[in-house]
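Working notes, structure below.
The values are calculated or read from the model by the stated rules, or taken from the named source; none is laboratory data. Computed from a predicted structure; not experimentally measured. Positions of Cβ are backbone-derived with ideal geometry, glycine not excepted, and every protein chain shown enters the neighbour counts. To get the accessible areas, we keep the full protein, side chains included, count just its heavy atoms, and leave off ligands, DNA and RNA. Shrake-Rupley method; radii C 1.70, N 1.55, O 1.52, S 1.80 Å.
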Amino acid sequence: RPGITISPMLSHLGRGLPGGNHAKIQADVARMVNDAFNPPSTRQDEKYFIGHMPSSNSGILYLWFGTHATNSDILKGLYHAMVYREMLAGGHKTHSATQGQVAFAELCEQSYEFSQRTFAEFCQAVTQSGWDTGTMYLSKSSRLVDVRSQ
């Protein structure tokens with residue numbers, strides 16, 4: 001299963017990836033950051049950003065939250081990342097780098113659509129089981145990314 005990393009530190013990107021062609025790794029990191037912070041129109045209003053760095057073991061998901069993210073936004077981002085992670089682990093394989101990028105983008109959108117449809121039910125279930133969804137320890141400003149339009 002891919003790991004999920006939550007950190008505003010862009011210097012952490014690419015850590016844990018196999019060594020080798022550093023130019024390719026840098027290009028992959030640049031593509032992933034660009035894709036994460038320029039989501040499709042369906043996700044433009046979300047206050048979280050998901051990036052995926054593929055590798056031989058399904059890769060790593062990176063999750064960032066905007067400075068205006070509410071507790072609900074943070075929970076929604078975590079839920080979307082978990083759904084995406086499960087879909088990646090479910091055997092969605094790709095063959096070439098170009099096809100892989102398209103497949104991962106489509107899979108991210110599928111996971112987003114699923115998480116949108118089921119988020120309210122998820123919140124209700126975890127609240128009924130005793131979770132305190134009103135307190136998010138990830139909401140500290142040190143965990144948030146200030147994203148500004150260019």
In the list Thr70, Thr127, Thr94, Thr133, which residue meets the criterion of being of a type in the set (S, T, N, Q), open to solvent by 30 Å² or more (accessible area, probe 1.4 Å) and at pLDDT 90 or above? Thr127
Filter pass, Tyr79 being buried (at least 21 other Cβ atoms within 10 Å of the Cβ) and either β-branched (Val, Ile, Thr) or not in a loop (DSSP other than H, G, I, E, B) (or both): no
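Let's see how each residue does on (1) at pLDDT 80 or above; (2) open to solvent by 80 Å² or more (accessible area, probe 1.4 Å); (3) touching a Pro at 6+ places or on another chain (Cβ under 8 Å); (4) over 17 Å from Ala103 (Cα atoms):
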site: Leu17; (1), (2), (3), (4): no, no, no, yes
site: His22; (1), (2), (3), (4): no, yes, no, yes
site: Ala27; (1), (2), (3), (4): yes, no, no, yes
site: Asp35; (1), (2), (3), (4): yes, no, no, no
site: Pro40; (1), (2), (3), (4): yes, no, no, no
site: Arg43; (1), (2), (3), (4): yes, no, no, yes
site: Tyr48; (1), (2), (3), (4): yes, no, no, yes
site: Gly51; (1), (2), (3), (4): yes, no, no, no
site: Ser55; (1), (2), (3), (4): no, no, yes, no
